[in-house]
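Written below as structure tokens is the structure these notes are about.
The values are calculated or read from the model by the stated rules, or taken from the named source; none is laboratory data. Remember, it's a predicted structure, so these values are computed and weren't measured experimentally. Cβ placement follows ideal geometry from the backbone for every residue including glycine, while neighbour counts extend to all protein chains displayed. Remember, those area values only see protein heavy atoms, side chains included, never the ligands or the DNA or RNA. Shrake-Rupley method; radii C 1.70, N 1.55, O 1.52, S 1.80 Å.
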Amino acid sequence: MKKSRWLRKGHIVLFVAMCVLMVLVTEPISADRTTAEYNALMDRVQETEQLPVIVTLDLKTPFQPEGRLSAMAVKAQRTAIATAQAELSQQLLPYGARVYVEYEVFPLLAVVADEAALRFLTTSPLVTGIEEDVAVPVALLSSTAVIGAPATWSQGYDGSGWAVVVLDNGIDSNHPFLTGRMPAEYCFSNANGAGAGVSLCPNGAPYDTSADVEIPACSVSTPGDLCSHGSHVAGIAGGADNGGVPGYNGVAPDAQVIPIQVFTRFNSGCSPTSPCTLSYSSDQLLALQYIFTTLRLSHNISSVNMSLGGGQYYTACDGNSLKMAIDSLLSVGIATIIASGNEGWSDSIAAPGCISTAVTVGATTDGDTVASFSNSNALVDLLAPGVAIDSSVPNDSYGSKQGTSMATPHVAGAWAVLKEANPTATPAEI
């Protein structure tokens, strides 16, 4: 195995740029409903007969991230959310629509709808937005000295005391690169049981307290090989001490890593080959809500890594339901860091990286040039190495991958290092 290429002297764009990162301003979700968007949904439901959608509910007053609210206001908003959910669920009963997720913190409802139910939803005064619960791929196309990490380590900052949460397709739970620093693991898969694939939770259910990938559902040729992406991403963010090889570390080698499996196995219909893993937005929302309601109460979380995405967006996509979750985490000082995508677009990026309050990351080569595959536009906040990056893969092995998937955990790990150096700093100040 060759020595890591992450760490080479010279590229300090990441650590410098993060110190002057633009202020992240949160806004209520857009209530715009366009004819084109709804026509597209109607076309989809006519093709599929049943369509999983995420519905945004009207609370009469704008949704506010709970970190901005008093305890009394939090309780009032959650009560309003539950009331709106119950009212819409009751109105959907005659249509036979199936509600498969009721979110506690966000005014959202995940529903399997037929054409009649979808038409009702498009006209309901309780509804301000509808989007298909689309399953998207990892942001993978096929280092640390490059971002100046060794100089930071030499000053005593290596992410100690902080945790990076990795929303991906699981992890090799006993990999030596990460052993002993995963205080928790979780899994949300197959759209809470309403999806069209196979759950990747080790227990086969929609939810599990393990994200281990060395299971049959994550395997094709060798244990965990279908789900190797998450282990690779986690190692970049926080891997440490690979077999005693000096300098072979992730960006925050003393940080904790919390993996959350949010992907689903699909045995057919994949591009370019099947089987593959894709992630439903509803599962991502469940994971982000769990971070907000539970994980942050017992762990010092600096950042959330999402090396995934799909679609093409030229401007901010702040109508996306994930914005409420990103804003909620931001309101309590947690940055959500997302890959821009790998189609090589120079004027557009993928969702959910197009959400304006996310920290969106593109990829560079070790020579400080933007990688040819990296999506770019004004919504990209930072660049980090993403070409030929060595990291952990299942079966206690190591391998090289490239993509904005690999660039993103460089930033997520750096966030932990910077929080150790300045624990009270907000994402806007970093």
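Comparing 266, 122, 421 along the charge dipole axis of the chain, the residue lying farthest to the positive side is 421, per the Cβ-charge model. Put a dot 7 Å past the Cα of residue 98, heading toward its Cβ, do the same for residue 46, and the two dots end up 2.5 nm apart. Placing one equal scatterer on every Cα of segment 335-408 and applying the Debye formula, the log10 ratio I(q)/I(0) at q = 0.14, 0.15, 0.17, 0.20 Å⁻¹ is -0.41, -0.46, -0.57, -0.74. Peptides 90-103, 358-371 ordered by packing proxy, namely the average of other Cβ atoms within 10 Å per residue, highest first: 358-371, 90-103. Projecting the Cα atoms of 289, 360, 342 onto the dipole axis of segment 261-363, where Lys and Arg carry +1 and Asp and Glu carry -1 at the beta carbon, places 289 farthest toward the positive end. Note on residue 419: aspartates and glutamates with a C-alpha under 16 Å away, same-chain residues under 8 apart excluded, are 158, 254, 429. Heavy-atom accessible area, probed at 1.4 angstrom with all protein chains present, ranks 44, 119 as 119, 44, highest first. When +1 charges are put on Lys and Arg Cβ atoms and -1 charges on Asp and Glu Cβ atoms, the dipole computed for the chain relative to its Cα centre reaches about 680 debye. Based on the alpha-carbon gyration tensor of the chain and its eigenvalue square roots a ≥ b ≥ c, which shape applies: rounded if a/c is under 1.5, prolate if not and a/b is larger than b/c, or oblate? Prolate is the answer for the chain, as a/c is 1.5 or above and a/b outweighs b/c.
Distant-in-sequence amide contacts of residue 100, defined by a placed amide H-H separation under 5 Å and a gap of 5 or more residues or a different chain, comprise 110, 111, 112. Expressed as a whole percent, the accessible area of segment 349-424 that falls on carbon and sulfur atoms is 52 (1.4 Å probe).
Remark: spin-label model distance residue 209-residue 115 equals 4.7 nm, labels positioned 7 Å along the Cα→Cβ axis. Volume per residue of the convex hull around the Cα atoms, evaluated for segment 236-316, comes out as 178 Å³. The dipole here belongs to segment 312-430: it is taken about the Cα centre, uses +1 on the Cβ of Lys and Arg and -1 on the Cβ of Asp and Glu, and is about 180 debye.
Against the compact-protein benchmark of 2.2 N^0.38 Å, the Cα-based radius of gyration of segment 305-430 scales to 1.05. Only DSSP H runs of four or more residues enter the estimate; each adds -39500 (n - 2.57), and after division by the residues of the chain the mean residue ellipticity at 222 nm equals -7500 deg cm²/dmol.
Judged by the ratio a/c of the largest to the smallest principal axis of the C-alpha gyration tensor, segment 193-261 counts as prolate, that ratio being 1.5 or greater while a/b is larger than b/c.
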